[in-house]
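The structure appears right after this line, and notes come after that.
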Amino acid sequence: MHLIDIYIQEVTRRLPGKSRDDIGLELRSTIEDMLPENYSEKELKEVLNNLGNPALLASEYSEQPMYLIGPKYFDMYMTLLKMIIPITALLAFFVIIVENIITYSGEKDIVNGIINVIILILGHGIWGMISSAVQTFFWITLVFAILERTDASKGKSSLTPGWTEWTPDNLKSIPLISKEKRISTGDIFGSLLRIAIFISVYFNASDLLGVYEKVQGKIQLTIPTFNQEVLQSYWLIVIVALILEIAFVFYKLIVRQWTSKLAIMNMVRNIVSSIVFIVVFSNDRLINDEFYAYLKDLLHVPLELKNPVIIISILLCLVFTLLDIMQGFRKGNMK
Amino acid sequence: MDKLLSSLVTELRRGTLMLAVLSQLRTPQYGYSLVQLLEESSVSIEQSTLYPLLRRLEKQELVESSWDTTESRPRKYYVITEFGIVILEQLKAEWEKTTKELQNLLKGDVENASD
(Lines give C-alpha, C1' and ligand atoms only; values in the text may rest on other atoms or scores of the structure.)
Protein backbone atom coordinates (compact mmCIF):
# COMPACT_ATOMS: atom_id res chain seq x y z
CA MET A 1 0.00 0.00 0.00
CA HIS A 2 2.78 2.30 0.97
CA LEU A 3 4.63 1.76 -2.31
CA ILE A 4 1.48 2.51 -4.28
CA ASP A 5 1.15 5.88 -2.56
CA ILE A 6 4.71 6.77 -3.35
CA TYR A 7 4.35 5.64 -6.96
CA ILE A 8 1.23 7.75 -7.44
CA GLN A 9 2.90 10.70 -5.78
CA GLU A 10 5.90 10.36 -8.08
CA VAL A 11 3.65 10.44 -11.13
CA THR A 12 1.24 13.17 -10.07
CA ARG A 13 3.80 15.62 -8.74
CA ARG A 14 5.05 15.98 -12.30
CA LEU A 15 1.60 16.82 -13.65
CA PRO A 16 -0.32 20.11 -13.74
CA GLY A 17 -2.41 20.68 -10.61
CA LYS A 18 -5.88 20.29 -12.03
CA SER A 19 -5.40 16.80 -13.49
CA ARG A 20 -3.48 15.42 -10.50
CA ASP A 21 -6.37 14.08 -8.42
CA ASP A 22 -8.18 12.47 -11.31
CA ILE A 23 -5.11 10.74 -12.71
CA GLY A 24 -4.02 9.68 -9.22
CA LEU A 25 -7.39 8.13 -8.50
CA GLU A 26 -7.53 6.33 -11.81
CA LEU A 27 -3.99 5.08 -11.40
CA ARG A 28 -4.77 3.72 -7.94
CA SER A 29 -7.83 1.82 -9.09
CA THR A 30 -5.88 0.45 -12.04
CA ILE A 31 -3.03 -0.76 -9.87
CA GLU A 32 -5.46 -2.38 -7.48
CA ASP A 33 -7.25 -4.02 -10.41
CA MET A 34 -4.01 -5.60 -11.48
CA LEU A 35 -3.24 -6.98 -8.02
CA PRO A 36 -4.73 -10.20 -6.62
CA GLU A 37 -6.39 -10.31 -3.19
CA ASN A 38 -3.87 -10.24 -0.33
CA TYR A 39 -0.98 -9.54 -2.61
CA SER A 40 2.65 -9.87 -1.59
CA GLU A 41 5.23 -7.13 -2.01
CA LYS A 42 6.80 -9.10 -4.83
CA GLU A 43 3.54 -9.07 -6.76
CA LEU A 44 3.15 -5.37 -6.15
CA LYS A 45 6.63 -4.69 -7.46
CA GLU A 46 5.86 -6.67 -10.56
CA VAL A 47 2.77 -4.57 -11.25
CA LEU A 48 4.64 -1.32 -10.69
CA ASN A 49 7.41 -2.57 -12.93
CA ASN A 50 4.79 -3.08 -15.61
CA LEU A 51 3.75 0.54 -15.37
CA GLY A 52 7.37 1.61 -15.60
CA ASN A 53 9.32 4.65 -14.47
CA PRO A 54 6.91 7.22 -12.97
CA ALA A 55 8.73 10.03 -14.74
CA LEU A 56 8.11 8.39 -18.11
CA LEU A 57 4.49 7.71 -17.29
CA ALA A 58 4.03 11.33 -16.24
CA SER A 59 5.63 12.51 -19.47
CA GLU A 60 3.11 10.44 -21.43
CA TYR A 61 0.29 12.15 -19.55
CA SER A 62 1.75 15.58 -19.80
CA GLU A 63 0.75 17.81 -22.69
CA GLN A 64 3.74 20.04 -22.23
CA PRO A 65 6.66 19.07 -24.46
CA MET A 66 9.57 17.33 -22.79
CA TYR A 67 12.05 19.41 -24.74
CA LEU A 68 13.00 23.06 -24.69
CA ILE A 69 12.67 23.85 -28.38
CA GLY A 70 11.03 21.48 -30.82
CA PRO A 71 11.53 20.89 -34.53
CA LYS A 72 9.02 23.55 -35.48
CA TYR A 73 11.11 26.34 -34.02
CA PHE A 74 14.56 24.81 -33.96
CA ASP A 75 15.67 25.91 -37.40
CA MET A 76 14.53 29.48 -36.85
CA TYR A 77 16.10 29.44 -33.42
CA MET A 78 19.48 28.37 -34.80
CA THR A 79 19.29 30.88 -37.64
CA LEU A 80 18.59 33.73 -35.25
CA LEU A 81 21.32 32.60 -32.85
CA LYS A 82 23.88 32.49 -35.63
CA MET A 83 22.82 35.90 -36.83
CA ILE A 84 22.45 37.73 -33.52
CA ILE A 85 25.20 36.27 -31.33
CA PRO A 86 28.11 37.35 -33.57
CA ILE A 87 26.64 40.84 -33.84
CA THR A 88 26.11 41.35 -30.12
CA ALA A 89 29.41 39.66 -29.23
CA LEU A 90 31.40 41.79 -31.65
CA LEU A 91 29.57 44.92 -30.61
CA ALA A 92 30.32 44.24 -26.94
CA PHE A 93 33.96 43.46 -27.75
CA PHE A 94 34.23 46.66 -29.57
CA VAL A 95 32.44 48.92 -27.14
CA ILE A 96 34.47 47.57 -24.23
CA ILE A 97 37.76 48.01 -26.04
CA VAL A 98 36.96 51.58 -26.95
CA GLU A 99 35.79 52.23 -23.39
CA ASN A 100 39.03 50.81 -22.00
CA ILE A 101 41.17 52.83 -24.34
CA ILE A 102 39.44 56.06 -23.48
CA THR A 103 39.80 55.44 -19.75
CA TYR A 104 43.34 54.10 -20.11
CA SER A 105 45.52 56.16 -17.79
CA GLY A 106 48.69 55.77 -19.85
CA GLU A 107 51.25 54.61 -17.29
CA LYS A 108 54.75 55.33 -18.42
CA ASP A 109 56.19 52.10 -17.12
CA ILE A 110 56.92 50.46 -20.41
CA VAL A 111 57.89 47.08 -18.98
CA ASN A 112 54.19 46.82 -18.40
CA GLY A 113 53.79 48.64 -21.67
CA ILE A 114 52.60 47.78 -25.10
CA ILE A 115 52.15 44.04 -24.74
CA ASN A 116 50.45 44.22 -21.37
CA VAL A 117 48.20 47.07 -22.39
CA ILE A 118 47.09 45.13 -25.44
CA ILE A 119 46.61 41.92 -23.47
CA LEU A 120 44.70 43.73 -20.74
CA ILE A 121 42.41 45.52 -23.14
CA LEU A 122 41.91 42.46 -25.31
CA GLY A 123 41.19 40.45 -22.17
CA HIS A 124 38.46 42.85 -21.13
CA GLY A 125 37.10 42.80 -24.66
CA ILE A 126 37.05 39.02 -24.88
CA TRP A 127 35.41 38.73 -21.47
CA GLY A 128 32.75 41.22 -22.52
CA MET A 129 32.25 39.32 -25.75
CA ILE A 130 31.74 36.03 -23.92
CA SER A 131 29.35 37.44 -21.38
CA SER A 132 27.25 39.20 -23.98
CA ALA A 133 27.15 36.02 -26.08
CA VAL A 134 25.95 34.05 -23.05
CA GLN A 135 23.33 36.70 -22.29
CA THR A 136 22.06 36.73 -25.86
CA PHE A 137 21.98 32.94 -25.97
CA PHE A 138 19.99 32.85 -22.75
CA TRP A 139 17.38 35.39 -23.79
CA ILE A 140 16.84 33.98 -27.26
CA THR A 141 16.52 30.48 -25.83
CA LEU A 142 14.07 31.70 -23.21
CA VAL A 143 11.90 33.42 -25.78
CA PHE A 144 11.79 30.31 -27.96
CA ALA A 145 11.11 28.00 -25.01
CA ILE A 146 8.12 30.18 -24.11
CA LEU A 147 6.96 30.27 -27.74
CA GLU A 148 7.18 26.49 -27.89
CA ARG A 149 4.88 26.23 -24.88
CA THR A 150 2.38 28.91 -25.78
CA ASP A 151 1.97 28.40 -29.52
CA ALA A 152 -1.57 27.13 -30.00
CA SER A 153 -1.32 26.42 -33.73
CA LYS A 154 -1.01 22.74 -34.38
CA GLY A 155 1.19 22.94 -37.46
CA LYS A 156 4.25 20.77 -37.02
CA SER A 157 6.27 21.93 -39.96
CA SER A 158 9.35 24.05 -39.49
CA LEU A 159 8.81 27.75 -39.94
CA THR A 160 10.86 30.06 -42.12
CA PRO A 161 12.58 33.13 -40.67
CA GLY A 162 9.64 35.19 -41.93
CA TRP A 163 7.31 33.26 -39.57
CA THR A 164 5.33 31.77 -42.43
CA GLU A 165 4.93 28.28 -43.78
CA TRP A 166 7.45 27.43 -46.46
CA THR A 167 6.55 27.69 -50.14
CA PRO A 168 8.83 27.41 -53.18
CA ASP A 169 8.50 31.18 -53.61
CA ASN A 170 10.70 31.59 -50.54
CA LEU A 171 13.64 30.43 -52.64
CA LYS A 172 13.38 33.48 -54.88
CA SER A 173 14.40 35.82 -52.07
CA ILE A 174 17.54 33.85 -51.25
CA PRO A 175 20.68 34.60 -53.24
CA LEU A 176 22.94 31.78 -54.37
CA ILE A 177 26.28 32.62 -52.79
CA SER A 178 29.43 31.32 -54.39
CA LYS A 179 32.42 30.48 -52.27
CA GLU A 180 34.52 33.37 -53.58
CA LYS A 181 31.84 35.97 -52.92
CA ARG A 182 31.02 34.82 -49.42
CA ILE A 183 32.22 36.99 -46.55
CA SER A 184 33.39 34.77 -43.72
CA THR A 185 32.96 35.47 -40.02
CA GLY A 186 36.74 35.37 -39.71
CA ASP A 187 37.01 38.16 -42.24
CA ILE A 188 34.58 40.31 -40.28
CA PHE A 189 36.21 39.53 -36.97
CA GLY A 190 39.63 40.37 -38.45
CA SER A 191 38.35 43.75 -39.67
CA LEU A 192 36.95 44.60 -36.27
CA LEU A 193 40.13 43.49 -34.53
CA ARG A 194 42.20 45.69 -36.83
CA ILE A 195 39.96 48.64 -36.07
CA ALA A 196 40.22 47.95 -32.33
CA ILE A 197 44.00 47.72 -32.47
CA PHE A 198 44.13 50.89 -34.51
CA ILE A 199 42.04 52.79 -31.96
CA SER A 200 44.14 51.60 -29.05
CA VAL A 201 47.36 52.56 -30.81
CA TYR A 202 46.02 55.88 -32.07
CA PHE A 203 45.05 57.18 -28.66
CA ASN A 204 48.21 55.90 -26.96
CA ALA A 205 50.75 56.19 -29.75
CA SER A 206 53.29 58.14 -27.72
CA ASP A 207 53.17 55.44 -25.03
CA LEU A 208 53.29 52.49 -27.35
CA LEU A 209 55.17 53.15 -30.58
CA GLY A 210 58.76 54.22 -30.86
CA VAL A 211 62.26 53.19 -29.99
CA TYR A 212 62.61 50.89 -27.02
CA GLU A 213 65.90 50.85 -25.15
CA LYS A 214 67.18 49.18 -22.06
CA VAL A 215 67.59 51.80 -19.38
CA GLN A 216 68.79 50.65 -15.95
CA GLY A 217 67.85 47.06 -16.71
CA LYS A 218 64.35 48.02 -17.77
CA ILE A 219 63.12 48.23 -21.31
CA GLN A 220 61.67 51.67 -21.82
CA LEU A 221 60.25 53.72 -24.62
CA THR A 222 62.90 56.40 -25.07
CA ILE A 223 61.96 58.00 -28.36
CA PRO A 224 58.27 57.97 -29.27
CA THR A 225 57.64 57.93 -33.00
CA PHE A 226 54.61 60.18 -33.07
CA ASN A 227 53.79 63.50 -31.56
CA GLN A 228 50.64 62.63 -29.66
CA GLU A 229 49.34 66.20 -29.68
CA VAL A 230 49.55 66.52 -33.42
CA LEU A 231 48.09 63.03 -33.86
CA GLN A 232 45.18 63.73 -31.56
CA SER A 233 44.39 67.10 -33.09
CA TYR A 234 42.92 65.16 -36.00
CA TRP A 235 40.55 63.18 -33.78
CA LEU A 236 37.39 64.44 -35.46
CA ILE A 237 38.18 63.26 -38.97
CA VAL A 238 39.76 60.06 -37.61
CA ILE A 239 36.54 59.26 -35.78
CA VAL A 240 34.46 60.02 -38.87
CA ALA A 241 36.61 57.57 -40.85
CA LEU A 242 36.37 54.99 -38.04
CA ILE A 243 32.59 55.21 -37.87
CA LEU A 244 32.47 54.65 -41.60
CA GLU A 245 34.78 51.62 -41.25
CA ILE A 246 32.68 50.12 -38.47
CA ALA A 247 29.44 50.72 -40.34
CA PHE A 248 30.97 49.02 -43.35
CA VAL A 249 31.96 45.95 -41.29
CA PHE A 250 28.43 45.63 -39.92
CA TYR A 251 26.96 46.02 -43.35
CA LYS A 252 29.23 43.20 -44.50
CA LEU A 253 28.02 41.12 -41.57
CA ILE A 254 24.43 41.56 -42.69
CA VAL A 255 24.77 41.01 -46.44
CA ARG A 256 27.36 38.25 -46.09
CA GLN A 257 28.48 38.40 -49.70
CA TRP A 258 30.23 40.73 -52.10
CA THR A 259 27.97 42.68 -54.43
CA SER A 260 28.69 45.59 -56.72
CA LYS A 261 26.91 47.82 -54.21
CA LEU A 262 29.22 46.58 -51.47
CA ALA A 263 32.21 47.20 -53.74
CA ILE A 264 31.13 50.82 -54.18
CA MET A 265 30.76 51.23 -50.43
CA ASN A 266 34.17 49.63 -50.02
CA MET A 267 35.58 52.21 -52.41
CA VAL A 268 33.97 55.09 -50.53
CA ARG A 269 35.27 53.98 -47.14
CA ASN A 270 38.73 53.37 -48.61
CA ILE A 271 38.82 56.82 -50.15
CA VAL A 272 37.69 58.50 -46.94
CA SER A 273 40.22 56.56 -44.87
CA SER A 274 43.11 57.29 -47.17
CA ILE A 275 42.22 60.98 -47.35
CA VAL A 276 42.33 61.07 -43.56
CA PHE A 277 45.61 59.15 -43.60
CA ILE A 278 47.15 61.54 -46.12
CA VAL A 279 45.93 64.62 -44.25
CA VAL A 280 47.40 63.32 -40.98
CA PHE A 281 50.69 62.11 -42.48
CA SER A 282 51.36 65.21 -44.52
CA ASN A 283 51.72 67.16 -41.28
CA ASP A 284 55.51 67.40 -40.94
CA ARG A 285 55.29 67.68 -37.15
CA LEU A 286 53.52 64.32 -36.86
CA ILE A 287 56.72 62.32 -36.48
CA ASN A 288 59.11 63.54 -33.79
CA ASP A 289 62.42 65.02 -34.94
CA GLU A 290 64.21 62.82 -32.41
CA PHE A 291 62.81 59.79 -34.12
CA TYR A 292 64.07 60.98 -37.52
CA ALA A 293 67.48 61.59 -36.00
CA TYR A 294 67.51 58.11 -34.51
CA LEU A 295 66.50 56.58 -37.84
CA LYS A 296 69.23 58.52 -39.62
CA ASP A 297 71.86 57.17 -37.23
CA LEU A 298 70.51 53.67 -37.55
CA LEU A 299 70.51 53.59 -41.34
CA HIS A 300 73.70 55.64 -41.81
CA VAL A 301 72.13 57.83 -44.46
CA PRO A 302 73.24 61.38 -44.91
CA LEU A 303 69.93 62.61 -46.38
CA GLU A 304 67.09 64.35 -44.71
CA LEU A 305 64.56 61.57 -43.98
CA LYS A 306 61.46 63.57 -43.27
CA ASN A 307 60.09 64.00 -46.77
CA PRO A 308 60.97 60.54 -48.08
CA VAL A 309 59.25 58.93 -45.10
CA ILE A 310 56.13 60.99 -45.61
CA ILE A 311 56.05 60.33 -49.34
CA ILE A 312 56.68 56.61 -49.00
CA SER A 313 53.99 56.27 -46.33
CA ILE A 314 51.45 58.06 -48.48
CA LEU A 315 52.39 56.06 -51.58
CA LEU A 316 52.12 52.77 -49.71
CA CYS A 317 48.74 53.84 -48.37
CA LEU A 318 47.56 54.66 -51.89
CA VAL A 319 48.78 51.35 -53.30
CA PHE A 320 47.06 49.28 -50.61
CA THR A 321 43.88 51.32 -50.90
CA LEU A 322 43.82 50.87 -54.66
CA LEU A 323 44.41 47.12 -54.35
CA ASP A 324 41.60 46.81 -51.83
CA ILE A 325 39.18 48.78 -53.99
CA MET A 326 40.02 46.63 -57.02
CA GLN A 327 39.67 43.45 -55.01
CA GLY A 328 36.23 44.63 -53.89
CA PHE A 329 35.07 45.24 -57.43
CA ARG A 330 36.50 41.94 -58.61
CA LYS A 331 34.53 40.04 -55.98
CA GLY A 332 31.47 42.22 -56.33
CA ASN A 333 31.14 41.78 -60.08
CA MET A 334 31.91 38.08 -60.10
CA LYS A 335 29.10 35.90 -61.33
CA MET B 1 20.49 -4.83 -33.51
CA ASP B 2 17.74 -6.03 -31.14
CA LYS B 3 17.45 -2.57 -29.69
CA LEU B 4 17.09 -1.00 -33.13
CA LEU B 5 14.54 -3.60 -34.14
CA SER B 6 12.43 -3.09 -31.05
CA SER B 7 12.46 0.69 -31.44
CA LEU B 8 11.44 0.31 -35.09
CA VAL B 9 8.65 -2.06 -34.13
CA THR B 10 7.42 0.37 -31.48
CA GLU B 11 7.38 3.14 -34.05
CA LEU B 12 5.57 0.98 -36.55
CA ARG B 13 2.87 0.09 -34.05
CA ARG B 14 2.43 3.49 -32.49
CA GLY B 15 -0.40 4.66 -34.70
CA THR B 16 -2.20 1.32 -34.69
CA LEU B 17 -2.69 1.28 -30.92
CA MET B 18 -5.25 4.04 -31.11
CA LEU B 19 -7.19 2.01 -33.65
CA ALA B 20 -7.06 -1.06 -31.43
CA VAL B 21 -8.22 0.87 -28.38
CA LEU B 22 -11.04 2.72 -30.15
CA SER B 23 -12.35 -0.52 -31.63
CA GLN B 24 -12.77 -2.06 -28.17
CA LEU B 25 -14.61 0.86 -26.60
CA ARG B 26 -18.07 0.34 -28.08
CA THR B 27 -18.95 -1.00 -24.67
CA PRO B 28 -17.68 0.95 -21.63
CA GLN B 29 -14.37 -0.33 -20.30
CA TYR B 30 -12.11 0.68 -17.47
CA GLY B 31 -8.36 0.65 -17.77
CA TYR B 32 -7.50 -2.84 -16.69
CA SER B 33 -10.50 -4.49 -18.37
CA LEU B 34 -9.37 -2.90 -21.61
CA VAL B 35 -5.87 -4.32 -21.16
CA GLN B 36 -7.35 -7.79 -20.66
CA LEU B 37 -9.64 -7.37 -23.64
CA LEU B 38 -6.73 -6.43 -25.86
CA GLU B 39 -4.61 -9.25 -24.53
CA GLU B 40 -7.35 -11.75 -25.34
CA SER B 41 -6.82 -10.80 -28.96
CA SER B 42 -3.10 -11.03 -28.21
CA VAL B 43 -2.58 -7.30 -28.77
CA SER B 44 0.00 -6.42 -26.17
CA ILE B 45 0.20 -2.81 -25.12
CA GLU B 46 2.46 -1.05 -22.66
CA GLN B 47 0.27 0.05 -19.80
CA SER B 48 2.27 3.20 -19.42
CA THR B 49 1.18 4.05 -22.97
CA LEU B 50 -2.43 2.98 -22.67
CA TYR B 51 -3.66 5.17 -19.81
CA PRO B 52 -2.23 8.41 -21.16
CA LEU B 53 -3.60 7.44 -24.59
CA LEU B 54 -7.11 7.12 -23.14
CA ARG B 55 -6.88 10.61 -21.67
CA ARG B 56 -5.68 12.04 -24.97
CA LEU B 57 -8.55 10.38 -26.82
CA GLU B 58 -10.91 11.89 -24.28
CA LYS B 59 -9.44 15.31 -24.84
CA GLN B 60 -9.92 14.87 -28.61
CA GLU B 61 -13.55 13.98 -27.82
CA LEU B 62 -13.26 10.57 -29.42
CA VAL B 63 -14.16 8.87 -26.13
CA GLU B 64 -15.88 10.01 -22.97
CA SER B 65 -15.39 8.88 -19.42
CA SER B 66 -17.39 8.55 -16.24
CA TRP B 67 -16.55 7.45 -12.73
CA ASP B 68 -18.44 4.46 -11.37
CA THR B 69 -18.45 4.65 -7.60
CA THR B 70 -21.14 2.04 -6.92
CA GLU B 71 -18.66 -0.78 -6.46
CA SER B 72 -16.14 -1.17 -3.66
CA ARG B 73 -13.41 0.32 -5.82
CA PRO B 74 -14.12 3.46 -7.90
CA ARG B 75 -13.40 2.89 -11.58
CA LYS B 76 -13.20 5.22 -14.52
CA TYR B 77 -15.07 3.89 -17.53
CA TYR B 78 -14.35 4.96 -21.06
CA VAL B 79 -16.72 4.64 -24.01
CA ILE B 80 -16.48 5.77 -27.61
CA THR B 81 -18.50 8.86 -28.63
CA GLU B 82 -20.57 9.32 -31.77
CA PHE B 83 -17.79 11.43 -33.19
CA GLY B 84 -15.36 8.68 -32.21
CA ILE B 85 -17.35 6.12 -34.15
CA VAL B 86 -17.28 8.28 -37.28
CA ILE B 87 -13.52 8.70 -36.97
CA LEU B 88 -13.03 5.01 -36.21
CA GLU B 89 -14.87 3.99 -39.39
CA GLN B 90 -12.72 6.29 -41.47
CA LEU B 91 -9.56 5.08 -39.79
CA LYS B 92 -10.56 1.49 -40.38
CA ALA B 93 -11.03 2.15 -44.09
CA GLU B 94 -7.68 3.89 -44.18
CA TRP B 95 -6.04 1.00 -42.37
CA GLU B 96 -7.45 -1.59 -44.76
CA LYS B 97 -6.30 0.42 -47.72
CA THR B 98 -2.81 0.81 -46.27
CA THR B 99 -2.43 -2.87 -45.42
CA LYS B 100 -3.53 -3.85 -48.92
CA GLU B 101 -1.04 -1.47 -50.49
CA LEU B 102 1.71 -2.69 -48.23
CA GLN B 103 0.88 -6.31 -48.88
CA ASN B 104 1.24 -5.70 -52.59
CA LEU B 105 4.49 -3.88 -52.05
CA LEU B 106 5.93 -6.53 -49.79
CA LYS B 107 4.82 -9.31 -52.11
CA GLY B 108 6.65 -7.49 -54.89
CA ASP B 109 9.67 -7.37 -52.61
CA VAL B 110 9.65 -11.16 -52.24
CA GLU B 111 9.26 -11.66 -55.99
CA ASN B 112 12.10 -9.25 -56.72
CA ALA B 113 14.30 -10.99 -54.21
CA SER B 114 13.72 -14.37 -55.84
CA ASP B 115 14.77 -13.04 -59.27
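The values are calculated or read from the model by the stated rules, or taken from the named source; none is laboratory data. Predicted model, so just to flag it, every value in this text is computed and none were measured. So basically every Cβ, Gly included, is an ideal-geometry build from the backbone, and we count neighbours across all protein chains shown.
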Return the total of residues in the range A:2-31 being of a type in the set (A, V, I, L, M, F, W, C), free of Cβ contacts under 8 Å to residues at least 12 places away in the same chain and either loosely packed, with under 13 Cβ neighbours inside 10 Å or away from chain B (no Cβ under 12 Å) (or both). 1
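Filter the range B:52-70 down to residues that are part of a helix (DSSP H, G or I) and within 12 Å of another protein chain (Cβ to nearest Cβ) and give me whichever is surrounded by the fewest Cβ atoms within 10 Å (Cβ to Cβ).
It comes out as B:LYS59.
If we keep just the residues of the range B:71-83 that are within 11 Å of chain A (Cβ to nearest Cβ) and assigned to a strand (DSSP E or B), which is nearest to the chain's Cα centre (by Cα)?
It comes out as B:TYR78.
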Count of residues meeting criterion [under 24 Å from B:ARG55 (Cβ atoms) and assigned to a loop (DSSP other than H, G, I, E, B)] in the range A:17-49: 1
Scan A:MET34, A:MET76, A:MET66 and give me the residue that is within 14 Å of chain B (Cβ to nearest Cβ), among the hydrophobic types (A, V, I, L, M, F, W, C) and over 24 Å from B:LEU34 (Cβ atoms). A:MET66
Looking at A:ARG269, A:ARG194, which is the one that is crowded, with 18+ Cβ neighbours inside 10 Å and of a type in the set (D, E, K, R)? A:ARG269
Residues located in the range B:19-36, provided they are more than 13 Å from chain A (Cβ to nearest Cβ), part of a helix (DSSP H, G or I) and free of Cβ contacts under 8 Å to residues at least 60 places away in the same chain: B:ALA20, B:VAL21
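Out of the range B:37-51, which residues are within 9 Å of chain A (Cβ to nearest Cβ) and either in contact (Cβ under 8 Å) with a residue 12 or more places away in the chain or farther than 14 Å from A:ASN50 by Cβ (or both)? Lay out the reasoning, then the answer.
Pass one, the range B:37-51, residues within 9 Å of chain A (Cβ to nearest Cβ): B:46-49, B:51.
Of everything in the range B:37-51, those that are within 9 Å of chain A (Cβ to nearest Cβ) and either in contact (Cβ under 8 Å) with a residue 12 or more places away in the chain or farther than 14 Å from A:ASN50 by Cβ (or both) turn out to be B:GLN47, B:THR49, B:TYR51.
So which of A:GLY52, A:GLY70 ends up being surrounded by 13 or more Cβ atoms within 10 Å (Cβ to Cβ) and modelled with pLDDT of 85 or more? Full working, then the answer.
Details: A:GLY70 fails: modelled with pLDDT of 85 or more.
Of A:GLY52, A:GLY70, the one residue that is surrounded by 13 or more Cβ atoms within 10 Å (Cβ to Cβ) and modelled with pLDDT of 85 or more is A:GLY52.
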Is there a residue in the range B:68-78 that is modelled with pLDDT under 85, under 23 Å from A:PRO54 (Cβ atoms) and either touching a Lys or Arg at 6+ places or on another chain (Cβ under 8 Å) or not acidic (Asp, Glu) (or both)? yes
What are the residues in the range A:19-49 that are modelled with pLDDT of 85 or more, among the polar types (S, T, N, Q) and farther than 22 Å from B:SER66 by Cβ, if any? A:SER40, A:ASN49
